[in-house]
Amino acid sequence: MPRRTRRDEAHHQRRKEVLHAAGGHRANDFRCVGCRLTVSVRAPGTAHRNHCPNCLASLHVDRRIPGDRDSACRGRMEAVAIFARQDGEWMIVHQCLSCDELSTNRIAGDDNVLALMQLALKPLQDTERASRTLLAL
Amino acid sequence: MSNTSNTLKIHTFTCAWCGLTVTRNAADDSVRNHCPSCLHSRHVTDHVEGGPSDCEGRMTPIAIAVLRTGDWMLVHRCVRCDELTSNPVCADDNQLMLMRMAVRPLAQPPFPLEALGSL
């Protein structure tokens, strides 16, 4: 889906020591732990793809810096929430299913739009809370 | 000399963001770790190793995560060390702030939402 461009407030990605693609630890494609889709490391819009573009699942291999491969957990990470950064960039919050660790990652240009919207709308599925908030106004 | 066993003890903390004095125990006897008014928290427990953390940084609420049971969790991030934590929301948390957090991504979609209709 075409990206809504905001040229005036372009955000530059934070520089990292380890890069996924350029001669880093993972020069090849990886296979998604959830849907077994073979995912290419080259992603539009991000240099640090860590989740499957189809089901947004990830693997707990990095500890602090993307690509450091410092975690011994190797558990499956599921997308639990979406938040928008100050500049409007969407981030996915992943939670590890085996150790409950949380991590964030930018969305990529080819991420499944329906899965992203489903995740963003998850808090609003329960209409009872929304109507209670309206009544409290 | 005061009789300490007879004294009512109320544990409170001051919010790092709005300065509100908050009781540590919520009305439903759960332990509170974020301000019910502005939802900010403080980085005092280390979630990787357990025990107290020496960061003491302010933690801003960034997202709402929904459990399988339908309960809301509040995801905080430390502004000093970027550590992420998730905590259950309290019954007396500011509902408007929670709702604002939940609809915030929808106000700034990275793709045109009109295109979703043609899928």
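The values are calculated or read from the model by the stated rules, or taken from the named source; none is laboratory data. This one's a predicted model, so the numbers in the text were calculated from it and none came from an experiment. Quick reminder, even Gly has a Cβ in these numbers, built from the backbone with ideal geometry, and neighbours come from all protein chains shown. The accessibility values were calculated without ligands, DNA or RNA, using every heavy atom of the protein model including side chains. Shrake-Rupley method; radii C 1.70, N 1.55, O 1.52, S 1.80 Å.
Miscellaneous remarks
- The condition of being aliphatic (A, V, I, L, M), touching a residue at least 12 places away in the same chain (Cβ under 8 Å) and more than 9 Å from chain B (Cβ to nearest Cβ) holds for only one of A:Ala120, A:Ala81, A:Ala108, A:Ala72, that being A:Ala108.
- B:Gly117 being at pLDDT 90 or above, open to solvent by 30 Å² or more (accessible area, probe 1.4 Å) and out of contact with any Leu (no Cβ under 6 Å at 6 or more places or on another chain): no
- Restricting attention to segment A:116-133 and to residues that are touching a strand residue (DSSP E or B) at 6+ places or on another chain (Cβ under 8 Å) and open to solvent by less than 60 Å² (accessible area, probe 1.4 Å), the residue that is farthest from A:Gly45 (Cα to Cα) turns out to be A:Arg129.
- Of A:Ala57, A:Ala47, all but one fail to be at pLDDT below 85 and more than 14 Å from chain B (Cβ to nearest Cβ); the exception is A:Ala47.
- Residue tally, condition open to solvent by 70 Å² or more (accessible area, probe 1.4 Å), under 20 Å from A:Thr104 (Cβ atoms) and of a type outside the set (Lys, Arg), over segment A:45-76: 4
- Failed criterion for A:Ile92 (all others in (1) within 7 Å of chain B (Cβ to nearest Cβ); (2) within 11 Å of the chain's Cα centre (by Cα) hold): (1)
- Looking across segment B:6-32 at every residue that is assigned to a loop (DSSP other than H, G, I, E, B) and touching a Phe, Trp or Tyr at 6+ places or on another chain (Cβ under 9 Å), the one that is surrounded by the fewest Cβ atoms within 10 Å (Cβ to Cβ) is identified as B:Arg24.
- In segment B:77-88, residue farthest from the chain's Cα centre (by Cα) [restricted to those that are more than 13 Å from B:Asp46 (Cα to Cα) and part of a strand (DSSP E or B)]: B:Pro88
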